[in-house]
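Written below as structure tokens is the structure these notes are about.
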Amino acid sequence: MFLILRPLRLLFKALVIESTPTQMSYGLALGVMMGLVPKGNLLAIVLGFCIAATRVNLAIAACAAVALTFASSWFDAAFDQVGVYVLDQPSLRAFWEAVYDTPMMPWTDFNNSIVMGSFVCGLLLVWPVHRVSRPIFQKYSKKLARHIRHWWITKILLGAEWADRFGTLEV
């Protein structure tokens, strides 16, 4: 039962307990980048590991990634144009050939114009999303955390974490 509730507990815990506005805004920005990149390639896996390895709010990053994963297919035509532009640059042709000859790099699907375009657009959006969302998180995160702590579901889920810890103690 607690394994089913664990993701919900982690989400509420991340929203309520000690995340700075900077961690939240970078979590949102990196989640946007992760959500834009098509999944099923090594690039998406590496991005996921990089997000997990940094000190960002993983709940916000995961929510942003899931939301934008569904919305990113609407922008595939624009991503394709950006990817074709980046991949067709004559000055970068030797670079792309050298990268393709590197082991494991073809698994990133960087030579797919939609993957390249969405990755470039995601990279370009990281800084603006962080800069726009940071003041919002600074203003509302403490108020939201205080409000969420009073929800009955939060009390149950965070209490279930303590009950789970005490239930696994051996005497």
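Quick note: the coordinates plus some simple rules give every number you see, no bench work behind them. Given the structure is predicted, the values throughout are model-derived calculations rather than measurements. Here Cβ is always computed from backbone atoms with ideal geometry, including for glycine, and neighbour counts include all displayed protein chains.
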Worksheet item: Using alpha carbon centroids, what distance separates segment 19-70 and segment 105-147, in Å?
Response: 7 Å
Fill in: Virtual paramagnetic centre 7 Å along Cα→Cβ of THR22, amide N under 19 Å, in segment 116-146
126-142
Practice prompt. For segment 22-35, just list the computed ³J(HN,Hα) in residue order, Karplus coefficients 6.51, -1.76 and 1.60, θ = phi - 60°, integers in Hz, with x standing in for Gly and Pro.
Written response: 5, 5, 5, 5, 5, x, 5, 5, 6, x, 4, 4, 5, x
Practice prompt. Evaluate 2.2 N^0.38 Å with N set to the residue count of segment 48-126, then give the Cα radius of gyration divided by it.
Written response: 1.24
Item to complete: Can you tell me how much longer the chain between ALA77 and VAL120 gets when fully stretched, taken as 0.36 nm per residue apart minus their C-alpha distance, in nm with one decimal?
Response: 14.1 nm
